[in-house]
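One structure is given here, and the rest of the page talks about it.
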Amino acid sequence: MPPTRAYAPAVFLGRGPLVESVHFAAAAAVDRSGRLLWALGDPTMVVFMRSSAKPFQVLPFVAEGGPEHFGLDEADVALLCASHTGRPEHTQRVAAMLQRAGLGPEALQCGVHPPMDRETAHNLARTGRAPTPLHHNCSGKHTGMLLRARLHGWETATYLDPEHRVQQDIRAALARFAGLQPDEIVLGTDGCSAPNFALPLYRAAWAWARLMDPADVEPPWDRAARQVTQAMARHPEMVGGPGRFDTELMRALGPRVVAKAGAEGYQALGLQPGLWPGATGGVGVVVKIADGDARNRARGMIALALLRRAGLFPEGFPQTLQPWHPEGPVTNWRGLEVGRAQVQL
């Protein structure tokens with residue numbers, strides 16, 4: 001387990017005149033050249049990326065022309081990178097993509113959980129319907145894996161096996177962008193049963209910088225990276241859903257920033273060239289909250305504080321991003337302000 005000194009106090013939550021809670025975090029910002037621009041805590045700490053790895057997990061499929069082969073559009077590609085909320089616009093697209101490969105929802109091995117979208121979950125319960133694997137927030141990612149197996153005629157029943165060619169190529173793709181060898185990436189099992197990857201925060205941030213700005217990445221990986229980030233930026237509603245930090249941030253900033261959260265307090269950002277003062281090319285930022293950030297607030301607060309430091313949001317944050325305001329109010333169930341939050345980086 002990492003020592004506590006790997007993390008630094010970053011988010012302070014007040015009540016009345018006192019600090020009531022503190023979130024500890026570690027983070028790194030790296031430019032395309034691999035230069036560490038800024039760090040909080042220990043940027044060499046090895047951490048699982050969780051769902052922040054999803055854009056890399058679809059890269060082999062995109063690099064081979066998989067979306068074109070199956071007739072997928074740009075919104076479909078964004079959904080392959082998503083932690084979606086299970087709304088009908090998500091589940092219907094996933095089902096349609098599977099159908100193009102001659103597969104049904106039963107092929108998904110992600111498991112089942114209720115939709116994260118409250119209205120959708122309520123509608124299912126009201127009508128007596130149970131959620132299906134389509135509602136799982138990772139069903140898009142799993143669909144991309146299944147489609148790639150179909151593209152090559154590989155077995156689909158074992159597509160999650162770390163030794164399956166689908167998973168081997170994903171690990172190699174992430175290693176390529178992070179400047180590592182595949183066996184230097186630690187493997188674990190994600191909540192959706194797919195292999196997941198742990199690597200130093202610095203390396204993950206560098207991978208995100210090169211994903212966002214693949215100027216020094218060889219073909220066809222450069223094209224695939226641009227296709228993936230463009231799809232996410234143009235269709236943020238597919239990447240998450242209304243009210244989710246990734247979606248609302250990309251709606252607010254357009255193509256300048258691509259965002260992808262992961263479980264247990266992980267957040268990744270990719271910034272286009274020219275946004276971070278003094279950086280060479282694009283910039284990748286990753287944040288890890290030590291306590292897992294169960295309420296999904298601390299990582300967004302740190303991300304917004306960093307983006308403001310980089311010169312974005314010079315006139316303040318839009319209303320849609322107020323839940324993650326770095327100096328926002330702490331409210332109770334009546335909506336009364338009982339304290340303030342503060343990010344210190």
Which of (i) 1.00; (ii) 1.05; (iii) 0.96 is the computed Cα Rg over 2.2 N^0.38 Å? It is (iii)
How high is the relative contact order of segment 4-343, in percent, with contacts defined as C-alpha pairs under 8 Å that are six or more residues apart? 23 percent
Sorted from fewest to most neighbouring beta carbons within 10 Å, what does the list 127, 320, 189 look like? 127, 189, 320
Among 110, 17, 53, the residue whose Cα sits farthest towards the positive end of the charge dipole of the chain, when +1 is placed on the Cβ of each Lys and Arg and -1 on the Cβ of each Asp and Glu, is 17
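According to the Kirkwood expression over distinct Cα-Cα pairs, how big is the hydrodynamic radius of segment 190-333, in Å?
15.8 Å
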With only alpha-carbon atoms counted, please give the Rg and Dmax of segment 1-149, in Å. 20.0, 61
In what order do 244, 295 fall by count of nearby beta-carbon atoms within 10 Å, going from fewest to most? 295, 244
Expected sort for 5, 148, 32 with the fewest Cβ neighbours (10 Å cutoff) up front is 5, 32, 148
Gyration tensor verdict on segment 1-86 (Cα atoms; rounded if a/c is under 1.5, prolate if a/b is larger than b/c, oblate otherwise): prolate
Using Cα atoms only, what is the angle between the long axis of helix 165-178 and the major principal axis of the chain, expressed in degrees (0 to 90) to the nearest 10? 40 degrees
Run down the lysines and flag those whose C-alpha is under 16 Å from the C-alpha of residue 141, throwing out any fewer than 8 positions away in its chain. 54, 260
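Read-outs: derived from the displayed coordinates by stated rules, not from any lab. The shown structure was predicted, so the numbers you read here are calculated from the model rather than taken from an experiment. No Cβ is skipped: glycine too gets one built from the backbone with ideal geometry, and neighbour counts run over all protein chains shown.
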